[in-house]
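Everything below concerns the one structure shown next.
The values are calculated or read from the model by the stated rules, or taken from the named source; none is laboratory data. Computed from a predicted structure; not experimentally measured. Positions of Cβ are backbone-derived with ideal geometry, glycine not excepted, and every protein chain shown enters the neighbour counts. Ligands, DNA and RNA are stripped out before the accessible areas are found, and what is left, the full protein with its side chains, is counted by its heavy atoms. Shrake-Rupley method; radii C 1.70, N 1.55, O 1.52, S 1.80 Å.
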Amino acid sequence: MSEVVRLTLVSHAMTDAMAAGRFPTDEPLNSVGHRQVDASIDLGVTERAFCGPEKRTRQTAELLGLHAAVDTRLADLDCGRWRGDVLGGVDSAELAIWLTDPTRAPHGGESVVDLIERVRGWMDSLTARRARLVAVTHPAVIRAAIVIALDAPPKSFWRIDIEPVSRTMMHFRGHAWSLRSKR
């Protein structure tokens, strides 16, 4: 039997920035977010848990009953000077560049390609031994992980929708990550 790494990625719960259509800062969960997270959500047997450094990921992990180690490689996509701005307040030409060219970061933060490479490094660090892992992180990080698992082009990043408190399962066996659905 080959060694398998089982990874469950959990998207953090709702925040005021998400509800208002703003680029995130380091905000906490809002009241809706607190209600969305239920410690009875079945994450299965977990040997190790991780979370991004932001309040919203740490709070979600705590509400799930996880003792998660903070890993900065699970941080949200850096939106640079757009942090805290409403989507409609951003220059439309700059936004169009960012949404269509994954190598660009007109906001002075991180490009989608840079995020994918950061997440790839984190995922590569998990493949050394068999384990059951959970990571509470951001929709952008989960999109990047899916792009990596599918060996999809970075331009497909924005075509993946990740809901608050959703779970995305992946397995690493031998040489590659694969997506796994669960009922």
task: Report the residue count in region 121-131 for those that are more than 18 Å from VAL70 (Cβ to Cβ) and either out of contact with any Asp or Glu (no Cβ under 7 Å at 6 or more places or on another chain) or at pLDDT 95 or above (or both).
output: 3
- prompt: Of all residues in region 108-117, which are open to solvent by 10 Å² or more (accessible area, probe 1.4 Å) and out of contact with any helix residue (DSSP H, G or I) (no Cβ under 7 Å at 6 or more places or on another chain)?
  reply: GLU110, ASP114, GLU117
message: If I filter region 137-159 for residues that are at pLDDT 95 or above, closer than 28 Å to HIS34 by Cβ and not in a helix (DSSP H, G or I), do I get at least one hit?
response: yes
message: So, ARG118, is that one modelled with pLDDT of 95 or more and either under 18 Å from ARG143 (Cα atoms) or among the aliphatic types (A, V, I, L, M) (or both) or not?
response: yes
- prompt: For ARG143, are the conditions met, namely being free of Cβ contacts under 8 Å to residues at least 40 places away in the same chain, charged (D, E, K, R) and open to solvent by less than 40 Å² (accessible area, probe 1.4 Å)?
  reply: yes
- prompt: Residue check, THR15 against (1) closer than 19 Å to VAL86 by Cβ; (2) open to solvent by 20 Å² or more (accessible area, probe 1.4 Å), all met but one. Which one?
  reply: (2)
Matching residues in region 123-139 - criterion: being open to solvent by less than 10 Å² (accessible area, probe 1.4 Å) and either on the phi > 0 side of the Ramachandran plot or hydrophobic (A, V, I, L, M, F, W, C) (or both): MET123, ALA131, LEU133, VAL134, ALA135, VAL136
query: What number of residues within region 115-136 satisfy the criterion of being part of a loop (DSSP other than H, G, I, E, B) and either polar (S, T, N, Q) or within 23 Å of GLU62 (Cα to Cα) (or both)?
result: 3
field: Unmet requirement for ALA105, which otherwise passes all of (1) open to solvent by less than 50 Å² (accessible area, probe 1.4 Å); (2) among the small types (Gly, Ala, Ser); (3) in a helix (DSSP H, G or I)
entry: (3)
message: I'd like to check something: does region 22-33 contain any residue that is in a strand (DSSP E or B) and touching a residue at least 40 places away in the same chain (Cβ under 8 Å)?
response: yes
query: Is at least one residue of region 168-176 small (Gly, Ala, Ser), open to solvent by 40 Å² or more (accessible area, probe 1.4 Å) and modelled with pLDDT under 95?
result: yes
task: Only one of these is without any contact (Cβ under 8 Å) to a residue 24 or more places away in the chain, open to solvent by 30 Å² or more (accessible area, probe 1.4 Å) and basic (Lys, Arg): ARG159, ARG81, ARG120. Name it.
output: ARG159
